[in-house]
Amino acid sequence: MKRDRLSICIVPCSNLMPSMMVATLGIALPEIRETFSLSEVAAGSLFSVMMIIAAITSGVAGRLADRIGRKTVLITGLSLLALGFSAAGFSNNRILFFCFLGVTGIGYGFTPPSLYAIMSDLLPHRRGLGASLVSVTYGIGGAIGAVLASRVIAAFGWRAAFVSVGMIAAADMLLQLYWIRDTQRARGAAHFGSFKDALSFSIMILALAEFVGGSVFWSSAAWTPTALRSAKALTLQETGAIMGLLSLANMLGSFSLGSLSDKLGRKCVIALSAFPAAVAAFAVFYWLESLVGLALGIFVFGLLKASVPALVIALAQEAAPAGSAGTAAGIIMSLHYTSGVVAPLIAARLIAGTGDILIAMLLVTSVPLVLYGLLIGTVRDADAS
């Protein structure tokens, strides 16, 4: 029992690594552009490479977690993250740099589905809490990565930052290799559900809901700073503070909504938080103007929209056949990453088409949140514990 309690704290730390790497890549992007003489489009595609490959591999990783064991897939993911990111730091060739980021993307795709499955095994009756802990550590990793990368890049350059984060990922992998006991692997093939059975109507609805709800996460992360600075006339420092508050609200919201969903039911908590989140988004982008008002609005918005992707995964795991928790997590994460590729581009087209960034932000936040809540509401009550 004591080991299980410690595992609840240690295992989610694996999700520090994907967000640390994304944050490091973002901070180092100007130096990387200069090193490899990249255009703005080519520089932006560095993120797309990782996300597209993560979207493709997440479904495979989730299925493998059910078939060959959660620990095996997680350790493989962390190893690929460490190898790909470190090797990218040593690369002097543009093509090789892209290829190593592709390897990192495979690790990115392998890590969360297996991690969500492990937490589901550790907390079978509190899946909301388990999934929210994974999401919270992702947010913490992004904050740590941004601070660490800025310090290391300033002192030693972007390559040192890449290698440093890669070494941290390797250390994390060794810790998880020593600590995790893969009980799922010992259960035998008879306990694994088929992939066809896992693709139930409820799972497909939840995957669509994740794509829609995830689009709010990615669009707001990508374009809210621009909206605040250009349309709300905030300074760079004020915008940074507001975005930091949004990140904090996402973490607090994920933990709070996860805990509530274990008591009140996941379908109820997800659906009922989505609609107020849509109202909060409307207030932030259309109504509020003062710094204090925007800070309060963005905090409420982040708090209420934080059911993505953790609680959708928990709900999908409960809707999936026995032995398919990894498969369910992989399907949901695949749509989450796909949304990460598509949503910012759709937002950009809407901004260009409407000529009004605030109207565009309403279209990519409030409207999808309402649709997200409605989709969750269609999931059968028998599956939505």
(request) Of the conditions (1) open to solvent by 30 Å² or more (accessible area, probe 1.4 Å); (2) touching an Asp or Glu at 6+ places or on another chain (Cβ under 8 Å); (3) modelled with pLDDT of 95 or more, L122 clears all except one; give me its number. (result) (3)
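Residue by residue, here is whether (1) in a helix (DSSP H, G or I); (2) more than 20 Å from S164 (Cα to Cα); (3) open to solvent by 50 Å² or more (accessible area, probe 1.4 Å) holds:
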position: V41; (1), (2), (3): yes, yes, yes
position: M50; (1), (2), (3): yes, no, no
position: A55; (1), (2), (3): yes, yes, no
position: S58; (1), (2), (3): yes, yes, no
position: G62; (1), (2), (3): yes, yes, no
position: A82; (1), (2), (3): yes, no, no
position: G102; (1), (2), (3): yes, no, no
(request) Considering each of S220, S254, S259, S247 in turn, give the residue that is under 19 Å from D356 (Cα atoms), of a type in the set (S, T, N, Q), part of a helix (DSSP H, G or I) and in contact (Cβ under 8 Å) with a residue 60 or more places away in the chain. (result) S220
(request) Would you please list the contacts, defined by Cβ atoms under 7 Å and residues six or more apart or on different chains, that run from a residue in region 17-29 that is within 14 Å of V136 (Cβ to Cβ) and hydroxyl-bearing (S, T, Y) to a residue that is assigned to a helix (DSSP H, G or I) and open to solvent by less than 10 Å² (accessible area, probe 1.4 Å)? (result) S19/G141; S19/G145
(message) L46 - would you say it is out of contact with any Pro (no Cβ under 7 Å at 6 or more places or on another chain), free of Cβ contacts under 8 Å to residues at least 40 places away in the same chain and assigned to a helix (DSSP H, G or I)?
(response) no
(message) Is it the case, given these coordinates, that S307 is surrounded by 16 or more Cβ atoms within 10 Å (Cβ to Cβ), assigned to a helix (DSSP H, G or I) and modelled with pLDDT of 95 or more?
(response) no
(request) Check off (1) modelled with pLDDT of 95 or more; (2) part of a helix (DSSP H, G or I); (3) open to solvent by less than 10 Å² (accessible area, probe 1.4 Å) for F299 and give me the number that stays unchecked. (result) (3)
(message) I need every pair where a residue in region 369-383 that is within 15 Å of V308 (Cα to Cα) has its Cβ under 7 Å from the Cβ of a residue that is open to solvent by 60 Å² or more (accessible area, probe 1.4 Å) and modelled with pLDDT of 90 or more, sequence separation at least 6 or different chains.
(response) V370/F275; G373/F275; L375/L208
(request) Go through (1) out of contact with any helix residue (DSSP H, G or I) (no Cβ under 8 Å at 6 or more places or on another chain); (2) open to solvent by 70 Å² or more (accessible area, probe 1.4 Å) and name the single condition L175 misses. (result) (1)
(request) Run down L129, L96, L115 and say which single residue is open to solvent by 10 Å² or more (accessible area, probe 1.4 Å) and either within 23 Å of L64 (Cα to Cα) or in contact (Cβ under 8 Å) with a residue 60 or more places away in the chain (or both). (result) L129
(request) Kindly check whether there is at least one residue in region 348-370 that is surrounded by 24 or more Cβ atoms within 10 Å (Cβ to Cβ), among the β-branched types (V, I, T) and touching a helix residue (DSSP H, G or I) at 6+ places or on another chain (Cβ under 7 Å). (result) yes
(request) Select from region 1-25 the residues that are surrounded by 15 or more Cβ atoms within 10 Å (Cβ to Cβ) and at pLDDT below 90 and list them in ascending order. (result) A23
(message) Suppose we filter region 190-217 for residues that are of a type in the set (G, A, S), in a helix (DSSP H, G or I) and surrounded by fewer than 17 Cβ atoms within 10 Å (Cβ to Cβ); how many remain?
(response) 1
(request) Scan region 134-144 for residues that are under 24 Å from V60 (Cβ atoms) and not small (G, A, S) and jot them down. (result) V134, T137, Y138
(request) Working carefully through the options I376, I359, find the one that is of a type outside the set (G, A, S) and within 26 Å of G44 (Cα to Cα). (result) I359
(message) On the basis of being surrounded by fewer than 17 Cβ atoms within 10 Å (Cβ to Cβ) and within 30 Å of G69 (Cα to Cα), does A322 make the cut?
(response) yes
(request) Take L335 and decide whether it is among the aliphatic types (A, V, I, L, M), part of a helix (DSSP H, G or I), open to solvent by 30 Å² or more (accessible area, probe 1.4 Å) and in contact with a Phe, Trp or Tyr (Cβ under 8 Å, 6 or more places away or on another chain). (result) yes
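The values are calculated or read from the model by the stated rules, or taken from the named source; none is laboratory data. Because the structure is predicted, anything quoted here is derived from the model rather than measured. Neighbour counts are summed over all protein chains in view; Cβ atoms, including those assigned to glycine, are modelled from backbone coordinates with ideal geometry. Calculation scope for accessible area: heavy atoms of the full protein, side chains included, ligands and nucleic acids excluded. Shrake-Rupley method; radii C 1.70, N 1.55, O 1.52, S 1.80 Å.
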